[in-house]
1. Within the group A:ASP65, A:ASP25, which residue is open to solvent by 40 Å² or more (accessible area, probe 1.4 Å), modelled with pLDDT of 95 or more and facing another protein chain (nearest Cβ under 7 Å)?
2. Could you list, in sequence order, the residues of segment B:15-30 that are crowded, with 16+ Cβ neighbours inside 10 Å, assigned to a helix (DSSP H, G or I) and either of a type in the set (Lys, Arg) or within 7 Å of chain A (Cβ to nearest Cβ) (or both)?
3. Just checking, which of B:ALA69, B:ALA46 is more than 12 Å from the chain's Cα centre (by Cα), more than 7 Å from chain A (Cβ to nearest Cβ) and aliphatic (A, V, I, L, M)?
4. Does B:LYS59 satisfy the condition of being more than 8 Å from every other protein chain (Cβ to nearest Cβ), among the basic types (Lys, Arg) and crowded, with 16+ Cβ neighbours inside 10 Å?
5. Residues that are touching a Lys or Arg at 6+ places or on another chain (Cβ under 8 Å), under 22 Å from B:ARG43 (Cα atoms) and aromatic (Phe, Trp, Tyr): does segment A:51-61 have at least one?
6. Whether any residue in segment B:13-20 is under 15 Å from the mean Cα position of the chain (by Cα) and of a type in the set (Ser, Thr, Tyr) is what I want to check.
7. Across segment A:118-144, what is the total count of residues that are within 22 Å of A:ARG53 (Cβ to Cβ) and part of a helix (DSSP H, G or I)?
8. Can you tell me which of A:LEU33, A:LEU38, A:LEU60 is open to solvent by 70 Å² or more (accessible area, probe 1.4 Å) and either hydroxyl-bearing (Ser, Thr, Tyr) or modelled with pLDDT of 70 or more (or both)?
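The values are calculated or read from the model by the stated rules, or taken from the named source; none is laboratory data. What you see is a predicted model, and the numbers here were worked out from it, not measured in a lab. Using ideal geometry, Cβ is built from the backbone for each residue, glycine included, and neighbour counts are taken over all protein chains shown. These accessible areas exclude ligands, DNA and RNA; they are computed on the full protein's heavy atoms, side chains included. Shrake-Rupley method; radii C 1.70, N 1.55, O 1.52, S 1.80 Å.
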Amino acid sequence: MTNLEGLPSYFWLTSSRLKPPVRDDVPYTTEALKQDLLRLQNAWEECQASRERDAIYGYLSAVFDLVAWWTAENRALDRAHSAQRLLHIIPFENEEPFAVVIRCTADREKVDKRTRSKWSRALRYALVQKTPSESLVQFIKRKGGINRCAERFRAHQRGRPSRLLSSE
Amino acid sequence: MKFRMDKTLRFWIDVAYEHIKSHHYKLTKRQLVAQILLKYAQRGDALRRLNKQGKIVWKASPRFLSMLADAERDARDDLADWP
């Protein structure tokens with residue numbers, strides 16, 4: 001057994017009591033969703049405070065990682081709607097999960113509808129085309145940047161090659 | 001199936017499990033670990049993401065890692081102040 005003496009109790013759980021019902025799996029609670037959104041809001045603040053050119057990728061990667069996990073559980077849309085309800089954000093018709101999460105976590109005065117749409121399309125393109133072993137930054141840069149990924153997604157949706165694909 | 005976790009989180013989940021297991025002898029290890037992970041996720045110390053194989057894994061959150069680093073720094077400072 002690990003010697004806990006001297007460790008702040010926070011790290012080994014402050015209470016040994018468990019609340020029923022006890023389950024075999026871990027439900028995604030409202031509190032956990034709130035923590036996920038808070039992390040993205042922090043990532044947004046950090047990228048805004050940074051002077052680095054690629055700082056936005058930190059935020060976009062955080063958004064991508066969250067929605068990719070939701071998607072793997074086939075729960076992206078309903079969890080995005082839960083996020084909106086949690087933050088009392090009015091839903092838009094046919095808004096997809098990436099756009100919802102961006103609207104919930106980035107400054108709405110700095111990220112307008114057009115930018116949100118562009119980022120969302122780039123992230124959806126990565127969700128469809130990127131392999132899990134490649135990082136989002138590497139993928140987007142390899143594909144020519146955020147704008148080009150957004151354009152490629154639009155072409156992908158229309159079922160025809162993007163004019164940008166010809167330069168590959 | 002076991003919960004997939006990164007090394008740091010695995011260590012602290014094991015510590016918490018050892019701490020509470022004697023109080024919950026009727027529960028399986030999986031049930032206890034699930035409860036601990038639930039608590040960690042709710043307080044923002046653990047999160048779920050996809051790994052490089054596209055599988056869901058549990059990871060220590062940036063906030064938790066930062067708290068651990070602070071605790072380690074405090075411990076080092078205390079040790080340095082020791083007569």
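1. Values: A:ASP25 fails: modelled with pLDDT of 95 or more.
So the residue among A:ASP65, A:ASP25 that is open to solvent by 40 Å² or more (accessible area, probe 1.4 Å), modelled with pLDDT of 95 or more and facing another protein chain (nearest Cβ under 7 Å) is A:ASP65.
2. Let us first name the residues in segment B:15-30 that are crowded, with 16+ Cβ neighbours inside 10 Å, namely B:15-17, B:19-20, B:24, B:27.
With assigned to a helix (DSSP H, G or I) added as a condition, the list becomes B:15-17, B:19-20.
Once the filter is applied, which keeps residues that are crowded, with 16+ Cβ neighbours inside 10 Å, assigned to a helix (DSSP H, G or I) and either of a type in the set (Lys, Arg) or within 7 Å of chain A (Cβ to nearest Cβ) (or both), segment B:15-30 yields B:VAL15, B:ALA16, B:HIS19, B:ILE20.
3. On the way: B:ALA46 fails: more than 12 Å from the chain's Cα centre (by Cα).
Of B:ALA69, B:ALA46, the one residue that is more than 12 Å from the chain's Cα centre (by Cα), more than 7 Å from chain A (Cβ to nearest Cβ) and aliphatic (A, V, I, L, M) is B:ALA69.
4. On the way: more than 8 Å from every other protein chain (Cβ to nearest Cβ): yes; among the basic types (Lys, Arg): yes; crowded, with 16+ Cβ neighbours inside 10 Å: yes.
When the stated conditions are applied, B:LYS59 passes them.
5. Initially, segment A:51-61 is screened for residues touching a Lys or Arg at 6+ places or on another chain (Cβ under 8 Å), giving none.
No, because not a single residue in segment A:51-61 is touching a Lys or Arg at 6+ places or on another chain (Cβ under 8 Å), under 22 Å from B:ARG43 (Cα atoms) and aromatic (Phe, Trp, Tyr).
6. Going through segment B:13-20, the residues under 15 Å from the mean Cα position of the chain (by Cα) turn out to be B:13-20.
So of that shortlist, the ones also of a type in the set (Ser, Thr, Tyr) come out as B:17.
Within segment B:13-20, one or more residues are under 15 Å from the mean Cα position of the chain (by Cα) and of a type in the set (Ser, Thr, Tyr).
7. Looking only at that region, the number is 15.
8. Values: A:LEU33 fails: open to solvent by 70 Å² or more (accessible area, probe 1.4 Å); A:LEU60 fails: open to solvent by 70 Å² or more (accessible area, probe 1.4 Å).
The unique qualifying residue is A:LEU38.
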